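Read-outs: derived from the displayed coordinates by stated rules, not from any lab. None of these values were measured; they are calculated from a predicted model. No Cβ is skipped: glycine too gets one built from the backbone with ideal geometry, and neighbour counts run over all protein chains shown.
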Ligand code: ADP
């Protein structure tokens with residue numbers, strides 16, 4: 001079992017995973033897809049959810065739907081997204097919480113900050129979540145974004161989103177890594193290759209993780225409001 005520097009055990013250790021392909025038997029896969037804007041989370045998330053036959057939730061899609069509804073909230077969301085910044089934690093957490101239908105899912109775009117990760121990994125579950133980082137270099141991200149044509153893909157906004165990724169999301173990757181939950185995949189390859197690589201990794205992890213009694217992550221102390229929430233188990237911290 002992994003231990004943090006402070007000696008707190010981390011629930012699962014994937015370092016000893018057998019790389020021989022085995023049948024997938026984890027009952028309730030919970031997958032987080034993380035990566036720079038333009039990494040391909042949407043494409044890969046939908047494919048992975050289909051393979052696993054679980055719900056696919058994209059925070060970006062949910063937010064864009066809210067914008068299309070032209071409500072005052074949608075207009076406020078649009079303003080934040082088009083500034084390249086992140087939405088307030090409380091809003092995004094309750095949005096995700098209200099959309100998740102069961103114990104299995106592929107989440108694209110959430111968590112994106114340490115506080116969001118603490119909130120969702122604190123959900124009681126009989127199996128640990130799997131975080132997949134689809135890694136692409138910044139220059140590839142910028143190149144892809146400027147050819148994609150979404151309103152928040154304007155070069156200035158795209159640059160801002162990449163900065164926010166470094167300041168907000170990279171620390172979260174370090175957190176997930178320290179928990180033994182992070183798997184890094186090379187995303188700078190054709191989509192079908194990336195899909196295969198993700199599927200191989202997910203299959204190995206799922207077939208090597210056995211259902212256990214409910215797992216909650218160690219208590220965390222931090223200043224963000226959003227972990228004091230909504231996914232239930234954190235509130236006590
Ligand atoms: P990309 O993957 O290209 O960064 P998304 O479609 O996932 O784009 O998200 C678009 C925007 O929606 C983000 O730049 C951010 O403003 C907002 N957003 C999405 N997910 C979150 C989140 N978990 N927390 C805060 N803001 C978010």
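Taking the conditions exactly as written (within 27 Å of residue 185 (Cβ to Cβ) and not in a helix (DSSP H, G or I)), does residue 36 satisfy them or not? For residue 36, the condition - within 27 Å of residue 185 (Cβ to Cβ) and not in a helix (DSSP H, G or I) - is met. Selection of segment 96-113 for residues being away from the ligand (no atom under 12 Å from the Cβ) and under 22 Å from residue 165 (Cα atoms) yields only 106. For residue 40, the test of being farther than 21 Å from residue 134 by Cα, more than 8 Å from the ligand (Cβ to nearest atom) and in contact with a helix residue (DSSP H, G or I) (Cβ under 9 Å, 6 or more places away or on another chain) is failed.
If we scan segment 157-167, do we find a residue that is assigned to a helix (DSSP H, G or I) and within 13 Å of residue 135 (Cβ to Cβ)? Among the residues of segment 157-167, at least one is assigned to a helix (DSSP H, G or I) and within 13 Å of residue 135 (Cβ to Cβ), which makes the answer yes. For segment 53-88, a residue qualifies if it is touching a strand residue (DSSP E or B) at 6+ places or on another chain (Cβ under 6 Å) and more than 8 Å from the ligand (Cβ to nearest atom), and the qualifying residues are 54, 55, 56, 57. Residues in segment 137-149 include none that are touching a strand residue (DSSP E or B) at 6+ places or on another chain (Cβ under 6 Å) and surrounded by 14 or more Cβ atoms within 10 Å (Cβ to Cβ).
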